[in-house]
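Working notes, beginning with the structure itself.
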Amino acid sequence: CVIRHLVIPSHVRPFDDPLGGTFLVRDRLSQADTWRRQVGGGAGEPYPGCCSQHMRIRAWGRQRDLRIVRRRSEHARRHATSKRCTVARRRRSIVRMALVSPTSHWACWTALLFATAMGSWSQKTAAKKFVTGETVSIVMGLGLSNLGVVPFEAPVYDFVNEKLLPLGVALLMLQANLRRMFKETGRLLTMFSLGSMGTVLGTLVAFKLVPLTALGEDRWKIASALAASYIGGSANFVGTSSALQASPEVVGAALAADNILCAFYFAFLFYLARNLRPDSEGKGQSQGRLVEQASASFSEDYEDPFNFLQCATAIAASSVFCACGTCLAAFFGIPGYSIPLITLLVTFFATAFPRWLEPLSPSGEGVAGIIINIFLASVGASGSIVGMLQNAPFLFLFCFVQVGVHLMLCFLLGRLFGFDRRDILLASNANVGGPTTAVAMAVSKGWRRSFVPAMLVGTFGYAVATFLCVALGFNVLRFM
């Protein structure tokens with residue numbers, strides 16, 4: 001039949017695509033437009049035609065809509081089942097199956113403290129020869145989350161990152177008296193500075209040689225954090241990665257690779273020092289006796305290393321530094337840099353008022369160790385085993401190149417400037433492991449006159465590594 005007053009304004013405009021695009025029905029409607037031009041009619045005016053033809057045009061448009069929706073749905077389904085999305089789908093399924101809800105705060109705290117306790121307990125067993133307590137804490141947190149016991153994300157983890165971590169860094173820096181460091185370290189501080197140069201050069205070489213493209217935007221951030229770890233220690237790794245806002249999953253993989261490499265590196269340093277003698281060995285005096293004397297001479301000022309009053313005072317003072325550093329970061333518009341500013345404040349006051357803060361450092365260091373291990377457990381709980389296994393080999397190779405170039409440059413510059421092997425090994429140990437491992441090496445080898453300098457140069461690394469490596473990342477590595 002002929003419809004004399006049929007108007008089809010909707011058909012000559014684009015159809016709406018439910019997925020955000022548009023398309024035009026051209027074939028049949030172009031015939032109607034041609035007829036209008038021939039008879040002189042305008043758009044939207046009635047034209048003669050068949051109602052069945054008009055309905056076919058409308059049905060054809062609806063069918064094309066459905067075909068586009070089905071095609072795009074099929075594309076989305078194929079993408080969701082691809083290898084690229086496998087990790088994300090597994091992560092979501094594990095989150096749904098987690099026994100502990102993210103809002104079950106006490107259960108999450110129990111898991112983190114359990115992982116921390118296991119890390120500390122491992123250092124009382126024979127396992128301490130092969131793995132560090134930090135690595136055990138990370139692996140325990142990683143296992144609990146990937147087995148579905150605790151969630152990957154929880155408010156407790158955010159509290160640890162935002163509140164506990166700055167407090168731990170402040171407690172660790174209470175002994176950062178720069179005046180005492182420059183006065184009592186002697187030539188060891190110069191060797192330590194040369195070793196820091198070796199770490200920076202090793203980072204640049206490793207960044208060029210080892211591909212970290214799988215990390216994406218985090219690759220220069222993790223490289224900076226690892227450089228901070230090999231100038232100061234794990235606290236500097238944490239501070240630098242927090243300031244640069246690296247993703248927790250990559251941070252966990254890098255920490256695991258770092259700790260595994262450090263275990264082998266310290267064993268290699270002891271092997272290089274196997275023929276070096278203690279400072280003095282009297283007649284009939286064993287090396288164990290020398291170690292006891294060295295320990296006594298170092299701790300004579302700290303007869304009670306975990307005094308309750310000193311512990312409470314250290315926490316209170318560190319809380320003040322954290323509040324001031326956080327306020328300064330907010331005032332300058334750099335909230336991510338609260339930890340570097342806290343480090344700067346504590347170092348300044350520890351240097352200006354050593355009589356007030358230095359007696360608090362033994363107790364503060366004990367509490368800081370617990371906090372750092374809790375943070376590492378939370379980092380492990382936020383990570384995926386699949387993602388960590390994918391990134392860990394490249395990160396381990398990156399760390400190996402970093403430390404290898406560092407050690408080569410230490411021996412090269414050390415021999416050039418007339419340092420003996422003991423100073424070279426102690427400085428390198430303080431660079432890579434911090435004051436704790438350097439002091440342990442000095443005590444075990446009986447190097448009594450290097451005991452306090454090793455502790456001080458390691459603390460000096462704590463004071464400067466975060467600032468140095470944040471600047472290295474922003475000004476150099478980001479553009480490489």
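The values are calculated or read from the model by the stated rules, or taken from the named source; none is laboratory data. Given the structure is predicted, the values throughout are model-derived calculations rather than measurements. We place every Cβ from the backbone using ideal geometry, glycine too, and count neighbours over all the protein chains shown.
Which condition number does Phe159 fail, the rest of (1) crowded, with 23+ Cβ neighbours inside 10 Å; (2) modelled with pLDDT of 90 or more being met?
(1)
Among the residues of segment 409-422, is any surrounded by 22 or more Cβ atoms within 10 Å (Cβ to Cβ), under 23 Å from Thr185 (Cα atoms) and among the aromatic types (Phe, Trp, Tyr)?
The answer is no, given that none of the residues of segment 409-422 is surrounded by 22 or more Cβ atoms within 10 Å (Cβ to Cβ), under 23 Å from Thr185 (Cα atoms) and among the aromatic types (Phe, Trp, Tyr).
Taking segment 61-87 on its own, how many of its residues are modelled with pLDDT of 75 or more and either closer than 21 Å to Glu249 by Cα or polar (S, T, N, Q) (or both)?
Matching residues across segment 61-87 total 1.
Just name the residue that is surrounded by the most Cβ atoms within 10 Å (Cβ to Cβ) out of those in segment 109-146 that are among the polar types (S, T, N, Q), free of Cβ contacts under 8 Å to residues at least 24 places away in the same chain and closer than 25 Å to Gly239 by Cβ.
Ser122
Would you please list the contacts, defined by Cβ atoms under 7 Å and residues six or more apart or on different chains, that run from a residue in segment 262-273 that is at negative phi to a residue that is aromatic (Phe, Trp, Tyr)?
Qualifying pairs under 7 Å: Ala263/Phe130.
Can you tell me which of Leu276, Leu328, Leu255, Leu269 is aliphatic (A, V, I, L, M), at pLDDT 80 or above, in contact with a helix residue (DSSP H, G or I) (Cβ under 9 Å, 6 or more places away or on another chain) and in a loop (DSSP other than H, G, I, E, B)?
None of the others qualify; the one that does is Leu276.
Here is a check on your reading of the model: is Val149 in contact (Cβ under 8 Å) with a residue 60 or more places away in the chain and either surrounded by fewer than 19 Cβ atoms within 10 Å (Cβ to Cβ) or assigned by TED's automatic domain parsing to the domain that holds Glu358 (or both)?
Taking the combined requirement at face value, the residue does not satisfy it.
Within segment 88-134, how many residues turn out to be assigned to a helix (DSSP H, G or I), modelled with pLDDT under 85 and either under 15 Å from Gly148 (Cα atoms) or among the hydrophobic types (A, V, I, L, M, F, W, C) (or both)?
12
Can you name the residue in segment 245-278 that is touching a Ser or Thr at 6+ places or on another chain (Cβ under 7 Å) and within 20 Å of Glu153 (Cα to Cα) and is also surrounded by the most Cβ atoms within 10 Å (Cβ to Cβ) among such residues?
Gly252
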